[in-house]
Each structure stands twice: as structure tokens, then as C-alpha cells.
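Worksheet for the structure shown next.
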Amino acid sequence: MRRPLAALSALALSVTLAGCFQMPQQQPEPPQGGQQQPPAQPPQSPQPQPEPPSPSPSPSPDNSTPPVSALEPDLSEPTPPAGDYEEATEEHPARNVPIPTLDEEAKNQDDSGVLATVKYYVQTQDFVKQTGNAKPLSKIVTEQCKACMQYAASVNFLTYSKGNWYVGDGVSVEQVSVGPSQTDPKVKIATFEFLEPEIILVENGVARVVEKEHTYDSKMALRFDETLGHWVVLDVTAERIK
């Protein structure tokens, strides 16, 4: 049975925002020997091309959108809830979102600590999706995990900082297993399958679907940090299976 935990959109290896990348232009071939080149043809109006499918939720970028690598996540201290939690709707963003708390089990150096950390990671990514704030997430991710913060940074810059928000249920996670890394004895690998539901973006008051429902296989590399006293995330990968 699936158990709703939180959104895992950030498990995508990179947040390739629509319009941030351009296809390289084809270069003309050089003249061959003494062959005469045909006269240049007048430029033609470019034909409209179909837009690529939107990746994990990303609002429409504008000309001022910097590269993903230059975006900064919101690492401010989140405001504690002042009332009952209200899910996001097409009329308003989520309200009084509970701040995730790292379970004491995450301090265990066995598999139970890994499982508690995976659960917290999922909850913090859902917190990002509902608020744009990545402070709870930052407590368990390392600088090595670039994908972890790229999603958080894009959500902050392109969505919540502009007064927009997301609507959608959390993902369902199942079949979580923990095993050793084949390259580093200090690293554990958590593998699991998750279902990401349809996600709606409300942008400038207009709601539109930006992500269809998909199922993914995911792997997460974790290491116990002796200084922090709990597990941290080194890397996350995901592959869409349907």
C-alpha cells in the first residue's frame, strides 16, 4: 500500500528550466575546391516549433532568468505555523505548513537511521514545494548533492518569490531498501520507487498543469556525518519508468 509522504520532484538529476537552454545553431559547410557557391537565399521566417514537455514543475521563465547554477535557494528560518494547516488550492498557496523535524532515529548509524533520513528528505522537499523554503532541507544535504538544491533554488526564484505557487498531492513512496555502496564502505545506498502525482502551477493567477503523473526509480547515497551526528545526503538520482 502506498503511503503519502511528500513531493519528490527534486529527485530529478537536473532542473532543466524551459527556455534556459538553447540548441546550438548549425554552421554552414566550407566551400569545396573551386566549386561555385549558389547565391544566398533571402532569410525566411522561422517556422514555429512545438514546445518541449515541461520538466518537474517549472514556471514560465523570462528573459531575466539566470542559469540554474546561479540561482540561490531560500535558506531563511521558516515561520512557525500560526494556525491549522491548509493545503494549496488554485485560489491560495498552502498555509501554516508544518516545519519538518529530523527524527531522533536519524542519529542511528544503522539502516534505521538511513530510513529516517530518507523520510525527512522527502518531507523537506515537500516543504520546498509548498513554501519555497529550503532551510530544513539544508540540514541533511551536502554541497556534493547539486540536484538537491537546484530544485529548491528554482522553486524559490521562479515561483514563490514572484507570488506564484504549486498545487498537488505529495508523492507515494514504496519498496524502500538499504544496501552498502560498492565503492565506499562508509556510504549507504537507499533505493525506492515513488509515484509523483500531477502538479499544477498557479502563475499570475492562472492555473496550469506543469507535470503529469509519473513513476520513478530512485537511488540516494548517504553517509553518516560524525560531526553533525546524523546521516547526510551525498547524491540523488531518479529514472522515470512510466
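The values are calculated or read from the model by the stated rules, or taken from the named source; none is laboratory data. As the structure is a computational prediction, the values presented were derived from the model and not from experiment. With ideal geometry, Cβ positions are generated from the backbone for all residues, glycine too; neighbour counts draw on all protein chains shown.
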Item to check | Counted residues, segment 212-241 - those being touching a Phe, Trp or Tyr at 6+ places or on another chain (Cβ under 9 Å), in contact (Cβ under 8 Å) with a residue 24 or more places away in the chain and not aromatic (Phe, Trp, Tyr) | outcome: 14
Checklist entry - Could you say whether any residue in segment 220-227 is acidic (Asp, Glu), part of a strand (DSSP E or B), buried (at least 18 other Cβ atoms within 10 Å of the Cβ) and touching a strand residue (DSSP E or B) at 6+ places or on another chain (Cβ under 8 Å)? => result no
Item to check | In segment 147-184, residue nearest to Leu137 (Cα to Cα) [restricted to those that are buried (at least 19 other Cβ atoms within 10 Å of the Cβ) and of a type in the set (Ser, Thr, Tyr)] | outcome: Tyr151
Item to check | Residue within segment 194-210 that is among the small types (Gly, Ala, Ser), out of contact with any Pro (no Cβ under 9 Å at 6 or more places or on another chain), touching a residue at least 60 places away in the same chain (Cβ under 8 Å) and not in a strand (DSSP E or B) present | outcome: no
Next on the checklist: Can you confirm whether Glu213 is surrounded by fewer than 16 Cβ atoms within 10 Å (Cβ to Cβ), within 17 Å of the chain's Cα centre (by Cα), under 25 Å from Ala88 (Cα atoms) and not hydroxyl-bearing (Ser, Thr, Tyr)?
Outcome noted: yes
Next on the checklist: I'm told Ile189 meets every condition in (1) among the β-branched types (Val, Ile, Thr); (2) in contact (Cβ under 8 Å) with a residue 60 or more places away in the chain; (3) in contact with a Gly (Cβ under 9 Å, 6 or more places away or on another chain) except one. Can you identify the failing condition by its number?
Outcome noted: (2)
Next on the checklist: Against the condition among the aliphatic types (A, V, I, L, M), at negative phi and in contact with a Leu (Cβ under 7 Å, 6 or more places away or on another chain), how does Val118 come out, does it pass?
Outcome noted: no
Checklist entry - Is it the case that Lys162 is over 16 Å from the mean Cα position of the chain (by Cα) and under 30 Å from Glu86 (Cα atoms)? => result yes
Checklist entry - Scanning for something crowded, with 22+ Cβ neighbours inside 10 Å and farther than 23 Å from Gln109 by Cβ, does segment 186-194 turn up at least one residue? => result yes
Checklist entry - Taking Thr124, is it crowded, with 24+ Cβ neighbours inside 10 Å, over 25 Å from Gly83 (Cα atoms) and at pLDDT 90 or above? => result no
